[in-house]
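The values are calculated or read from the model by the stated rules, or taken from the named source; none is laboratory data. None of the values given here were measured: they were computed from a predicted structure. Here the Cβ positions follow ideal geometry from the backbone for every residue, glycine too, while neighbour counts run over all protein chains shown. Note: accessible area is taken over every heavy atom of the protein model, side chains too, but ligands, DNA and RNA are not part of it. Shrake-Rupley method; radii C 1.70, N 1.55, O 1.52, S 1.80 Å.
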Amino acid sequence: MNYIRQIIFELRHQTLMTWLSIAGTTIAVFLIMSDFMVSRINIVSAAPESRRERILYGFGGEVVSYGGKNRSSSSISLELAHELYEGLDGVELVAYTDNYAETIAIGIDGGKSVSSALRKVDDNFWKIYDYTFEQGAPFTREEVEAGVNNIILSHSTAETHFGKDADILGRSLRVGNREYRVSGVVSDVNPLMSLTCADAFVPHTSTGMPSNVWNYYLGDYQAILLLNPGTDPASIQQQTEGRYNAFNDRHKNDDLSLTYHGQPYDTEIMNSGVGTNDTPDLSDKRRMRYIGYAILLLIPAINLSSMTRSRMRRRVSEIGLRRAFGCTRFRLLSDLLTENFILTLLGGVLGLGLSIVFITTFSNYFVAYGNIYGMTLAQTMARPSLSMLFSWQIFFVVLGFCFLLNLLSAGIPALKAAFTNPAEALSGENAHK
């Protein structure tokens, strides 16, 4: 309570300096947390990707032949996906789907067709991701194996074609030149969840989608792996590398090999726009981000240190009096740091609130969300939801930034004040030094 009274006193008697200190912290935390939360969108777990930390993607392959003179890379064939990723130790489920959502015309007979994002999936896809079904149910294994022409629509797509609050199960619509029967409706997914957002979903076996396109090894498929809880992704990558090596040993006499690029990848790498013919490395990107955070902490800390020292000068007599009555240097130092930390925390909370409002309202004007494979205009115009941005983890990160900023800006002035000679402090001789 005494700390709060002291801060209220500071606000009343050193209004400009105190509010400038709070504003400096607010701006620093706003800049850091805005960048931190934007980068976090690529890794945060949110429906339907609520288990991102357990999901890996095997999506590309590079085939080398003719002594390295001929290189081909793309998504992989269904056969190669099975060979590389089926039955790995530590994997709970594997789904085989198309690599990217296809843009195709969807409409009902007698109605207009709308360009829509279509994903071709299997039954395990619905077990790995937690979509919310408003009507119907996911595809079953029997439906996928039979290649039935069933389709699951997003809420907004169903509303576009059939109107609001319509029971549309069993209704028909055309996807390209094929007729499908609606078997389910799922809630819309934020377009920033680029790996799961789509307007419609069909069994990949229903479209005539070839198991391979370029050759036996390359096609339009990817494998999505859900790891068992506690499984180390590195162990899955080691097993996969072993399968690459086994493949290359079998085809040694055929002058054919697969280049291993560190797959399967986690969600962060997938959202970075990685290609199929290189090995991704995000270490430089992370290093530059950490350097930026350090700069954003140091610059305001230097400025805030000057203001903190100025506020301390006005309290020299109070500090001397406390020291004369037996207050220890450690107690005085901890009190001064605590008071300043409360001010820093106030600025941090304001900065966090400001960053959340900015990102959820205006960030798409300043931030290029998605990756180079962004599928629709909706993704470029999308904004993160609050659930994608805020968590207790975010709060404690802010708390950590505030603590560091407090130590950097108030540590030296508080140390100097704590070690001031009581007699000099009471006489005011150090007031302007």
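Roughly how many percent of the accessible protein surface of the chain is carbon and sulfur, given a 1.4 Å probe and a whole-percent answer? Of all accessible area on the chain, carbon and sulfur atoms account for 58 percent.
Computed over the chain, relative contact order equals 25 percent, with contacts defined as Cα pairs under 8 Å that lie 6+ residues apart.
Kirkwood's formula applied to the C-alpha pairs of region 159-238 gives a hydrodynamic radius of 16.5 angstrom. A P(r) calculated from all alpha carbon pairs of region 176-334, with 10 Å bins opening at zero, reads 7, 18, 22, 16, 11, 10, 9, 6, 2, 0 percent. Here's the list of lysines a cross-link from residue 416 could span, going by alpha-carbon distance under 19 Å and ignoring same-chain residues fewer than 8 apart: 433.
Bridging of residue 164 to aspartates and glutamates at a Cα separation below 15 Å is possible for 134, 188, once same-chain residues fewer than 8 apart are set aside. Note on region 217-278: percent of Cα-Cα distances in each 10 Å bin, starting at 0 and stopping at the bin with the largest distance, equals 18, 47, 29, 6, 0. What does the convex hull of the alpha-carbon atoms of the chain project to on average, in nm²? Approximately 27.9 nm², given one-decimal rounding. Report the local net charge at residue 281: Lys and Arg +1, Asp and Glu -1, summed over other residues whose C-beta lies under 15 Å from its C-beta. Result for the neighbourhood of residue 281: 0. A simple rule links phi to the HN-Hα coupling: the Karplus curve 6.51 cos²θ - 1.76 cosθ + 1.60 with θ = phi - 60°, which for region 241-256 gives 4, x, 5, 4, 4, 5, 4, 5, 5, 5, 9, 4, 6, 8, 6, 9 Hz, with x for Gly and Pro. Computed over region 59-113, the convex hull of the alpha-carbon atoms projects to a mean area of 7.0 nm².
The residues of region 115-157 expose, per residue, 39 Å² of accessible area to a 1.4 Å probe.
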